[in-house]
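The values are calculated or read from the model by the stated rules, or taken from the named source; none is laboratory data. Note that the structure is a prediction, hence the values are computed from the model and not measured. Glycine also receives a Cβ, built like all others from the backbone with ideal geometry; neighbour counts cover every protein chain displayed. The protein model used for the area step is the full one, side chains on, heavy atoms only, and it has no ligands, DNA or RNA in it. Shrake-Rupley method; radii C 1.70, N 1.55, O 1.52, S 1.80 Å.
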Amino acid sequence: HLSVPKLLSGGPGVIVFAEAVSFAVAAVLLRLRRPRWSVLPLLGVVVAEGLRAHPENVDRFWGALLTWAHLLPAALWAGMLLYVVRAGIAWREHPEAVRALVRLYARAAAWLFALVVVTGVVSALVLVPLGSLFSTDYGRVLIVKAALVGAAAGLALAGRRWLRRRPAAG
């Protein structure tokens, strides 16, 4: 049976509760149209997740640092993508401006994607020895995650080629 006092009695429960509260505060701030202030509680989520995450089993400081280095670029990448899609829809009458924004996003996204992949691989190597990659449930989850990341990279490259071959409107 789920019990809040029991959940909050351990370190991981407190961290998960802090993450939930931080998400709720960020949502309220976004609803109040204070997006700049919502960044602070979202950074709190990243910090809390870094303290809770798996690599801490090896070394608490380096594990947290590795998780932060993985989550921050991933959050920036996703947030920038959402912004570019929203701006692209809003600016659809100005295709050159949208193209410039997509080009700017693509450069930043490539670097952020590389950081996410590198930190993800390092984290996976720390957590799962190569010999047990196929024999443990967590290892199989990592394989599925790697396949999804590969698919996302393939779709991004295909989209980039498609945009390059497509003639400019005008």
Step by step: first the residues of region 142-162, then only those that are of a type outside the set (D, E, K, R) and open to solvent by 70 Å² or more (accessible area, probe 1.4 Å), then the one that is nearest to R107 (Cα to Cα). Which residue is that? L157
Looking at L133, L125, L81 in this structure, which one is modelled with pLDDT of 85 or more and either open to solvent by 70 Å² or more (accessible area, probe 1.4 Å) or under 22 Å from G154 (Cβ atoms) (or both)? L81
Looking at G139, G120, which is the one that is farther than 19 Å from A64 by Cα and surrounded by 13 or more Cβ atoms within 10 Å (Cβ to Cβ)? G139
Can you pull out the residues in region 19-48 that are open to solvent by 40 Å² or more (accessible area, probe 1.4 Å) and either at pLDDT below 85 or of a type outside the set (A, V, I, L, M, F, W, C) (or both)? R31, R33, R34, P35, R36, V47
